[in-house]
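Report on one structure; see the data block that follows.
The values are calculated or read from the model by the stated rules, or taken from the named source; none is laboratory data. This is a predicted model, so every value here is computed, not measured. Here Cβ is always computed from backbone atoms with ideal geometry, including for glycine, and neighbour counts include all displayed protein chains.
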Amino acid sequence: MTPRYEIGVDAARCIRCGRCVGVCPSRIFSQERLGGAVALHDTDHCIGCGHCAAACPVGAVAHDAFPPERLRRIDRSALPSAEALEGLLAVRRSMRCFTTHEVPDELLRRIVAAADRAPTASNARGLGYVVVTDRAVLRQIVGFTLATFGRLVRVLSAAPVRWLLRPLLPGLYRYVPTFRRMEREWRDEGTDRILRGATALLVIHAPRRSRFGAEDANLACQNASLMAETLGVGQVYAGFVLSATRQRTGALERLLGLGPDRRVRALLALGMPQFRYPCAIDREPAEARWMKN
Ligand SMILES: Cc1cc2nc3c(=O)[nH]c(=O)nc-3n(C[C@H](O)[C@H](O)[C@H](O)COP(=O)(O)O)c2cc1C
């Protein structure tokens, strides 16, 4: 449920610029005309995004969730340039070669904080994070993932299913030898092709019924991956684990001690990289179509 907020406009400070009116997604602020007095309506519709307080140039918006001590003046000269951001986006790569060194907790905390900066639909902010560094639990997650795929492979390999599905799902069948090999390497050599020997796993979960939980979680995940890159922490999206959680609903959530109303929606494996890529590659750009006047 959306909390109720105390919101007001200090008429003595307000310069009637109308920014709060323009930025509020819930249309709580209004002006009869530009430059007119600002009025408030239906404050119980506030989604708590804080745009009103952040956009006001004179601190005239009083919002109990965003008192002055929670507002920071932005110094744009300290932000990365477009070139710096382009550089970061080009060097961010998935890492699959980790050392056995643990990622320091302080770096993991900064990665989670970066994730938590991401936008969420309707400012729901319903995401939760689990940072798994316990090696036994990491091994359990690898085992769970491989067992789940093992089960799938057995079903897919049964003669009648194979005859029926193989022509329909060539993409899935292409992975069958890979799943078999990954399971064999784990069992015989202890080689982890799922988390790739990462020493931490960032699990991002959302309310089971959230319509945008997956989108929210994956935006948060991308923030986390960019922060990891800047901190020198290697990261790779744990897609096999996510796929296993979809095949066995609720199983990973139980393993992690999450309640029945939570669903894992994104996973990022993290670890100290064995090396840093000396080269960035230029990819074929995807088609980007413009529809102009
Ligand atoms: C949804 C998603 C799932 C992924 N799952 C895995 C995975 O399970 N294992 C893995 O090694 N890489 C995984 N990746 C990484 C991709 O293979 C990788 O992003 C892609 O090859 C491009 O390389 P780059 O990330 O270095 O640019 C995943 C990426 C995404 C976006």
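For the stretch 241-293, what are the residues that are crowded, with 21+ Cβ neighbours inside 10 Å and of a type in the set (Val, Ile, Thr)?
Within the stretch 241-293, VAL241, THR245, VAL264 qualify.
Keeping to the stretch 228-240, report how many residues are in a helix (DSSP H, G or I) and either within 12 Å of the ligand (Cβ to nearest atom) or crowded, with 21+ Cβ neighbours inside 10 Å (or both). Even if it seems obvious, please write down each step before you answer.
From the stretch 228-240, those in a helix (DSSP H, G or I) are 228-231, 239-240; that's our starting set.
Checking the rest, the ones that are also either within 12 Å of the ligand (Cβ to nearest atom) or crowded, with 21+ Cβ neighbours inside 10 Å (or both) come to 228-229, 239-240.
Final tally of qualifying residues: 4.
Acidic (Asp, Glu) and assigned by TED's automatic domain parsing to the domain that holds LEU242 - does that describe any residue in the stretch 169-183?
The initial filter retains those residues of the stretch 169-183 that are acidic (Asp, Glu), namely 183.
Filter once more, keeping what is assigned by TED's automatic domain parsing to the domain that holds LEU242: none.
The answer is no, given that none of the residues of the stretch 169-183 is acidic (Asp, Glu) and assigned by TED's automatic domain parsing to the domain that holds LEU242.
Give the stretch 9-57 a look and list any residue that's part of a strand (DSSP E or B) and either of a type in the set (Asp, Glu) or surrounded by 13 or more Cβ atoms within 10 Å (Cβ to Cβ) (or both), or say none. Even if it seems obvious, please write down each step before you answer.
Residues of the stretch 9-57 that are part of a strand (DSSP E or B), as a first pass: 9, 29-31, 38-40.
VAL9, PHE29, SER30, GLN31, VAL38, LEU40, listed by residue number.
Answer yes or no: is there a residue in the stretch 241-259 that is of a type in the set (Ser, Thr, Tyr), over 21 Å from THR100 (Cα atoms), assigned to a helix (DSSP H, G or I) and more than 11 Å from the ligand (Cβ to nearest atom). Can you show your working first?
Filtering the stretch 241-259 for residues of a type in the set (Ser, Thr, Tyr) gives 243, 245, 249.
Applying the additional criterion that residues be over 21 Å from THR100 (Cα atoms) yields 243, 245, 249.
Next, only the ones that are assigned to a helix (DSSP H, G or I) stay: 243, 245.
Applying the additional criterion that residues be more than 11 Å from the ligand (Cβ to nearest atom) yields 245.
So far as the stretch 241-259 goes, yes, one or more of its residues are of a type in the set (Ser, Thr, Tyr), over 21 Å from THR100 (Cα atoms), assigned to a helix (DSSP H, G or I) and more than 11 Å from the ligand (Cβ to nearest atom).
For the stretch 194-220, give me each residue that is assigned to a helix (DSSP H, G or I) and either buried (at least 22 other Cβ atoms within 10 Å of the Cβ) or away from the ligand (no atom under 14 Å from the Cβ) (or both).
So in the stretch 194-220, the residues assigned to a helix (DSSP H, G or I) come out as 213-220.
Once the filter is applied, which keeps residues that are assigned to a helix (DSSP H, G or I) and either buried (at least 22 other Cβ atoms within 10 Å of the Cβ) or away from the ligand (no atom under 14 Å from the Cβ) (or both), the stretch 194-220 yields GLY213, ASP216, ALA217, ALA220.
What's the number of the only condition in (1) within 15 Å of the ligand (Cβ to nearest atom); (2) in contact with an Asp or Glu (Cβ under 7 Å, 6 or more places away or on another chain); (3) not in a loop (DSSP other than H, G, I, E, B) that GLY150 fails to meet?
Failed condition: (1).
Report, by residue number, each residue of the stretch 126-146 that is out of contact with any strand residue (DSSP E or B) (no Cβ under 9 Å at 6 or more places or on another chain) and either within 16 Å of VAL264 (Cα to Cα) or touching a residue at least 60 places away in the same chain (Cβ under 8 Å) (or both). Don't jump to the end; show me each part of the working.
Within the stretch 126-146, the first condition is being out of contact with any strand residue (DSSP E or B) (no Cβ under 9 Å at 6 or more places or on another chain), and the residues that meet it are 134-136, 139-140, 142-146.
The answer is ARG135, GLN140, VAL142, PHE144, THR145.
What about SER81, is it among the hydroxyl-bearing types (Ser, Thr, Tyr) and more than 30 Å from SER210 (Cα to Cα)?
Considered against the rule, which asks whether it is among the hydroxyl-bearing types (Ser, Thr, Tyr) and more than 30 Å from SER210 (Cα to Cα), SER81 comes out as yes.
Name the single residue, out of those in the stretch 86-133 being more than 18 Å from the chain's Cα centre (by Cα), away from the ligand (no atom under 16 Å from the Cβ) and of a type outside the set (Asp, Glu), that is surrounded by the most Cβ atoms within 10 Å (Cβ to Cβ).
Restricting to residues being more than 18 Å from the chain's Cα centre (by Cα), away from the ligand (no atom under 16 Å from the Cβ) and of a type outside the set (Asp, Glu), the top hit is VAL103.
With respect to the numbered conditions (1) surrounded by 12 or more Cβ atoms within 10 Å (Cβ to Cβ); (2) among the acidic types (Asp, Glu); (3) out of contact with any Lys or Arg (no Cβ under 8 Å at 6 or more places or on another chain), which one is the sole condition not fulfilled by GLU185?
The number of the failed condition is (3).
Name the residue that is farthest from GLY50 (Cα to Cα), counting only residues in the stretch 2-40 that are without any contact (Cβ under 8 Å) to a residue 60 or more places away in the chain and touching a His at 6+ places or on another chain (Cβ under 7 Å).
Among residues in the stretch 2-40 that are without any contact (Cβ under 8 Å) to a residue 60 or more places away in the chain and touching a His at 6+ places or on another chain (Cβ under 7 Å), the one farthest from GLY50 (Cα to Cα) is SER30.
Looking at ALA53, is it touching a strand residue (DSSP E or B) at 6+ places or on another chain (Cβ under 6 Å) and either free of Cβ contacts under 8 Å to residues at least 40 places away in the same chain or within 16 Å of the ligand (Cβ to nearest atom) (or both)?
yes
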